[in-house]
1. It is to be established whether one or more residues within the stretch 150-164 are more than 13 Å from D14 (Cβ to Cβ) and without any contact (Cβ under 8 Å) to a residue 12 or more places away in the chain.
2. Out of curiosity, is E89 of a type in the set (D, E) and without any contact (Cβ under 8 Å) to a residue 12 or more places away in the chain?
3. Taking the stated definitions as given, is V50 of a type in the set (A, V, I, L, M) and more than 25 Å from D151 (Cα to Cα)?
4. Which residue, of G133, G129, is in contact with a strand residue (DSSP E or B) (Cβ under 7 Å, 6 or more places away or on another chain), over 18 Å from T15 (Cβ atoms) and at pLDDT below 95?
5. Kindly provide the set of residues from the stretch 63-77 that are crowded, with 23+ Cβ neighbours inside 10 Å, in contact (Cβ under 8 Å) with a residue 60 or more places away in the chain and in a helix (DSSP H, G or I), ordered by number.
6. Which of the following residues is part of a helix (DSSP H, G or I), farther than 16 Å from D155 by Cβ and touching a Phe, Trp or Tyr at 6+ places or on another chain (Cβ under 9 Å): V50, V56?
7. Of all residues in the stretch 87-143, how many are of a type in the set (D, E), surrounded by fewer than 21 Cβ atoms within 10 Å (Cβ to Cβ), under 16 Å from the mean Cα position of the chain (by Cα) and not in a strand (DSSP E or B)?
8. May I ask you to list the residues in the stretch 33-44 that are surrounded by fewer than 22 Cβ atoms within 10 Å (Cβ to Cβ) and either touching a helix residue (DSSP H, G or I) at 6+ places or on another chain (Cβ under 7 Å) or over 19 Å from L159 (Cα atoms) (or both)?
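The values are calculated or read from the model by the stated rules, or taken from the named source; none is laboratory data. Quick caveat, the model's predicted, so the values are computed rather than measured. Backbone-built Cβ (ideal geometry, glycine too); neighbour counts: all protein chains shown.
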Amino acid sequence: MGRVFVVSKVLAIDTSTSRTSVAIIDGDTVVFSGFRDGATAHGPSLPALVQEALAVSEVNEVVVGMGPGPFTGLRVGIAFAQSFALAREIPVRGVCSLDAIAAQIDEKDFIITVDARRKEVYWARYKDGVRVGEPAVDFPADVTGAPIHADLFPDMRSLVAFPGDITEPIYLRRPDAVATVDR
């Protein structure tokens, strides 16, 4: 009896930056790619983009950027991806969004930064295309030691190519809202 190989058509979602990005990737082919800019527009943009994508092709897997990024943007993307996958009974996996940005850079030693608001950046250092250490958040002046690539967005084909072993969002700050205790 021969093996059955299922070709994966992947719905890729990233909301870790000021851009909401959605793509459908079939092997090396980008079947659909769309984005909407707006740091506070992830909520309405994501379902609209996914609806556009599904008009082009069905999917059998979901890959989502897990950050680092602002709480609300990440929650929108990750919750949508997990709910969508659960409803369709298809697998979902998470990938570091900075890694999908770094895949676009062809240098030996570099740093990727993205806007973290509050005059800070999320960043990670890469050597030979591999992340060195964990992502961090700092003021731009404190991020030094290699050429810096800023203001890029995750490459959706690269997002899908990573193994996707992250199970929790990459939050690097404490939430602004905290519960108070009545006394």
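1. Taking the stretch 150-164 and keeping what is more than 13 Å from D14 (Cβ to Cβ), we get 150-151, 161, 163.
Adding the requirement that they be without any contact (Cβ under 8 Å) to a residue 12 or more places away in the chain leaves none.
Scanning the stretch 150-164, I find no residue that is more than 13 Å from D14 (Cβ to Cβ) and without any contact (Cβ under 8 Å) to a residue 12 or more places away in the chain, so the answer is no.
2. It is true that E89 is of a type in the set (D, E) and without any contact (Cβ under 8 Å) to a residue 12 or more places away in the chain.
3. For V50, the condition - of a type in the set (A, V, I, L, M) and more than 25 Å from D151 (Cα to Cα) - is not met.
4. Working: G129 fails: in contact with a strand residue (DSSP E or B) (Cβ under 7 Å, 6 or more places away or on another chain).
Just one listed residue meets the conditions, G133.
5. Selection gives L74, G77.
6. Going through V50, V56 in turn, just one is part of a helix (DSSP H, G or I), farther than 16 Å from D155 by Cβ and touching a Phe, Trp or Tyr at 6+ places or on another chain (Cβ under 9 Å): V50.
7. Counting residues in the stretch 87-143 that are of a type in the set (D, E), surrounded by fewer than 21 Cβ atoms within 10 Å (Cβ to Cβ), under 16 Å from the mean Cα position of the chain (by Cα) and not in a strand (DSSP E or B) gives 0.
8. Residues satisfying the conditions are S33, G34, R36, G38, A39, T40, A41, G43, P44.
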